[in-house]
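Here is the structure we will look at.
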Amino acid sequence: MVNWVHVAKEHLVHRLAKMAGLRRCTVGVDNAGTVMSVWAPKDKLPATADAAEATKKEARREAGRLSVVLIHGFAGDGIFTWVLQVGALAKHYDVYVPDLLFFGGSTSGDARRTPAFQAECVAAALRRLGVERCAAVGFSYGGFVAFGMAEVVCTGCSLPSMPRSTGEAMLRRLGAASFAELLLPDDAAGLRSLFAAGAYRKWSRWFPDFVLKDYLKLMIFNRKERAELLEGIVVSDKDAAAAPSFQQAAGPEGVPAKHQQGGALGDAGAAPRLQPLPHGVPAAAAATFDDNDGSGVRGGAASDQRACF
């Protein structure tokens, strides 16, 4: 029987990605069998190991365009999540779209299931592709991973966690008993609820059940491993890290911010605090990867937080 979501992914989603100049590749990142699947600019994919080293040297000589890394959430893989954005972004940036471990074509024999380990694997894959500086954009679960990448390279940047009370408040509002029930649905009704919770517009209500069932068959797999990933982001209120302060550029005046699920999920103090950037600090920050040390990642000095993603 034809899986229509598979047809759409292969003949529409992948075609749009290729039209944007991206190609899919797989990158081994450790000795535990960890393999990352990444959509990357076709002109940045070396054909051989020697060519890869030459690419890195060239990248060191020329800064080139900024590399942007798009990290997906729990409901799909990388390119399925970001396909509507890669075309516009690829006109100005080198776009990289990885599949996180146990999504898409990425897998690992390592037992670790934390966002920090996901971040290490994404960073290692990018490094092997010759990326030295990049801006990371994370959606949903991918936001935890993006913060994990910042933690790897930044001095004084701590990885946010979800306090149990905040998670319970979110689940009550969404009408789910657990994150596994919400994010790992096993029927069309559950998938429709997941899409409704994560999308501003209620477009999922128009999808027939057979399309949603095809999506479940194609996209929701590795359930055991994904359930373990969810356990890695929720901690007790006692163990939750203090809410860090982050800097961001202010948006245009007069442009309202909209969100379907506006309002606090729990204690307002538990949310990260966003502060305007001081004058002269660039809004887009970058991270630097370096193969010369054991970790493969190099951060800036304590006084220079521009090394953050």
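The values are calculated or read from the model by the stated rules, or taken from the named source; none is laboratory data. Bear in mind that the values here come from a model prediction, so they are computed numbers and not experimental data. Positions of Cβ are generated from backbone atoms using ideal geometry, with glycine treated the same way; all protein chains shown enter the neighbour counts.
Couple of notes before you dig in:
- Counting only helices (runs of 4 or more DSSP H) wholly contained in region 145-218, the ones carrying 2 or more residues that are at pLDDT 85 or above and either of a type in the set (S, T, Y) or closer than 16 Å to V235 by Cα (or both) occupy 164-174, 179-183.
- Given (1) over 18 Å from V13 (Cβ atoms); (2) at pLDDT below 95, index of the condition T34 fails: (2)
- Residue match in region 6-16 (condition: part of a loop (DSSP other than H, G, I, E, B) and out of contact with any strand residue (DSSP E or B) (no Cβ under 9 Å at 6 or more places or on another chain)): no
- Any hit, region 85-107, residues being in a loop (DSSP other than H, G, I, E, B) and in contact with a Pro (Cβ under 8 Å, 6 or more places away or on another chain): yes
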